[in-house]
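What follows is calculated from the coordinates using simple rules that are stated; it is not laboratory data. Computed from a prediction, not measured in an experiment: that's the story for all the values here. Here the Cβ is made from the backbone with ideal geometry for all residues, glycine too, and neighbour counts use every protein chain on show.
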Amino acid sequence: MTVEEILEMYDGVKEFCSGGITCTGGEPLMQMEFLTELFEAAKSRGINTCLDTSGITFTEANRPKFDRLMRSTDLVMLDIKHIDNEEHIKLTGQPNTNILAFAEYLTEKGIVTWVRHVTVPGITYNDEYLLRLGEFLSRLKMLKALDVLRYHDMGKVKYENLGLDYPLGDTPPLTKEEAAHARDMIMQGIRNGLAKRSCDGK
């Protein structure tokens, strides 16, 4: 689709849209040039823009491209899969360094940020990791919302139907009570981080 085709589609349903345009994926930053063109065109028409991303493609080398994109981005929904770098590599095959750097870059650029974190028993549902995540989030001055998402196994049947092994095996879904505890731990980590920097005078 072209930028104009997408905006024409938006115009046809805008009366039913409460916000604007959200680009998600997959990873929308894998098509960064097109994404930038779309957001610039949307902003020229007064349309709110939201980027739903993991931030994995961010590097200092391509900062100029991100600077251009951020000039037409109203909100970033950032997926932080794991706060521990080694565990992140085990989980995704990639380090989390670019992702965390991108989160701090968003604060630097003044971009409203909404962090999403999936809590998975035996992987991210861990008090130490949740507290560390909160301490990191305490540094993000543009953080406006936090979604603690419960792991579920509804995709398991799809793998079975395709004859594939389900990557998380018999990992049980996270309960509502566990999700509430996870959020409490993250919020405690945020408070800890803010208190520490206040004592340090930062």
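Numbers for the structure displayed
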item: Cα→Cβ-extended label distance, 7 Å offset, between residue 158 and residue 176, nm; result: 2.5
item: Packing rank of 118-129, 57-68, where each peptide gets the mean count of other beta carbons within 10 Å, highest leading; result: 118-129, 57-68
item: Size of charge dipole - the chain - debye, nearest 20, with Cβ of Lys, Arg +1 and Asp, Glu -1, no other charges; result: 760
item: Residue among 39, 16, 102 with the largest mean-square fluctuation in a Gaussian network model of the chain, springs linking Cα atoms under 10 Å; result: 16
item: Rg and Dmax [Cα atoms of the chain; Å; Rg one decimal, Dmax integer]; result: 18.5, 57
item: Farthest positive-ward along the chain dipole, Cα basis, beta-carbon charges - from 138, 173, 26; result: 138
item: Sites residue 104 and residue 127 - FRET efficiency at Förster radius 22 Å, r taken between beta-carbons, to 0.05; result: 0.35
item: Label-point separation in nm, residue 195 to residue 84, each point 7 Å along Cα→Cβ; result: 2.3
item: Förster radius 41 Å - calculated FRET efficiency between residue 60 and residue 5 (Cβ-Cβ, nearest 0.05); result: 0.75
